[in-house]
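Structure first, commentary second.
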Amino acid sequence: MSIRPVKRVVAATPHTEGAGVRLRRAFGFGNTTEFDPFLLFDDFRNDNPADYRAGFPWHPHRGIETITYVLAGNVEHGDSLGNRGNLGAGDVQWMTAGSGIMHQEMPQGDAQGRMHGFQLWANLPASLKMTAPRYQDITAADIPEAVDDDGTRVRVIVGDFWGKQGPVEGVAADPQYIDVSVPPGKRKRLQVDTTRHAFAYVFAGSGSFRDASDPRGVLTEATDGSDRVARDHDTGNRSLVLFDTGDEVVVQAGDEGVRFLLVSGKPLEEPVAWYGPIVMNTQDELRQAMSDLRAGTFIK
């Protein structure tokens, strides 16, 4: 087995999206080649309803899939095809925008005003850019959980892990998306297919994602875009860890344990033409999408 070295650690930075939702972005809207087939990852976590209630009003999507995972509060959603729903704590929505959809998402906090969730964008290959839109709404009760002897817990959202199969199916990137909780002080090895790009996003506790025998620091991206070498090796809240190649990830949990998302997918290695929530392969296809929006023919 070969351990995946840490290529880079990125601190999620503040952004404002939608009609004024304050969130943290770990990557997106730039060169995302190292994350291929993934395009963007946002952490929308807030205890102040004024910072998220305005939500994400009607907006178009084409050529991508959006994955929403809610931990606290709920998200009301609707689209131009008449679909309506409400994602609660622990629920997941995997939306395939395909040929085009108009969509809105409106976060609502829990009784204490807390809202917490994640949104990941996955690219669609050229052959499926114009496929029919579809939803997979998964309730928390339908997401299997695997528990290891040392108390490590894994919620399997997509893919197969420790004998559990995630409920989301038929996704073009053939990803693995799991929610991992490692108890304090425990060291864990987690297998990841060597052909996939992979990253971890820490959202509770802290841990080290390097082989304990490796004395080198890891390259860390500061919030100002500069690089520095981390010497403590610990990765804490709102940190994204991008891995190099290998077939397993090693994590050493800190004193409070660590909880993180581990996401991997097969790279598409296709050209990306990107304008907001519309992602195609060529500039001509982008121009056609914008023309469709203006002409009222975006929804096929």
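Bear in mind these aren't lab numbers, they're just calculated from the coordinates by the rules spelled out. Quick caveat: nothing in here was measured; it's all calculated off a predicted structure. For neighbour counting, all protein chains shown are included, and Cβ atoms are generated from backbone atoms with ideal geometry for every residue, glycine included.
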(request) Give the shape of the range 1-157 as rounded, prolate or oblate, defined through the alpha-carbon gyration tensor: a ≥ b ≥ c are the square roots of its eigenvalues, a/c under 1.5 means rounded, and otherwise the shape is prolate if a/b is larger than b/c and oblate if not. (result) rounded
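Go ahead and estimate [θ] at 222 nm for the chain from helices alone: -39,500 (n - 2.57) per DSSP H run with n ≥ 4, summed, over the residue count, rounded to 500.
Result for the chain: -1500 deg cm²/dmol, rounded to the nearest 500.
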(request) Specify the angular offset, from 0 to 90 degrees and rounded to the nearest 10, of the alpha carbon long axis of helix 283-295 from the longest principal axis of the alpha carbons in the chain. (result) 50 degrees
(message) Under 23 Å between alpha carbons, and skipping anything fewer than 8 positions from Lys7 in its own chain: which lysines qualify?
(response) Lys186, Lys188, Lys266
(message) List the aspartates and glutamates whose Cα sits under 19 Å from the Cα of Lys129, skipping any in the same chain fewer than 8 residues away.
(response) Asp36, Glu65, Asp79, Glu169, Asp174, Glu269, Glu270, Asp284, Glu285, Asp292
(message) Net charge around Ala146, counting only other residues with Cβ within less than 14 Å of its Cβ (Lys, Arg = +1; Asp, Glu = -1)?
(response) -2
(request) Taking the Cβ of Gly98 as the centre, find all other residues whose Cβ is under 10 Å away and add up their charges (Lys, Arg: +1; Asp, Glu: -1). (result) +3
(request) Just order 157-163, 95-101, 135-141 by mean Cβ neighbour count inside 10 Å, highest at the front, would you? (result) 95-101, 157-163, 135-141
(request) For the range 66-177, just the Cα atoms, rotate onto the principal axes and tell me the three extents in Å, largest first. (result) 45, 38, 18
(request) Count the net charge of all other residues whose Cβ sits under 13 Å from the Cβ of Gly55, scoring Lys and Arg as +1 and Asp and Glu as -1. (result) -2
(request) Could you check the simple spin-label distance between Tyr135 and Gln104, using points 7 Å along Cα→Cβ, in nm with one decimal? (result) 1.4 nm
(request) Residues in the range 176-202, backbone N under 11 Å from the label point at Ser2 (7 Å along the Cα-to-beta-carbon vector): list them, ranges by number please. (result) 194-195
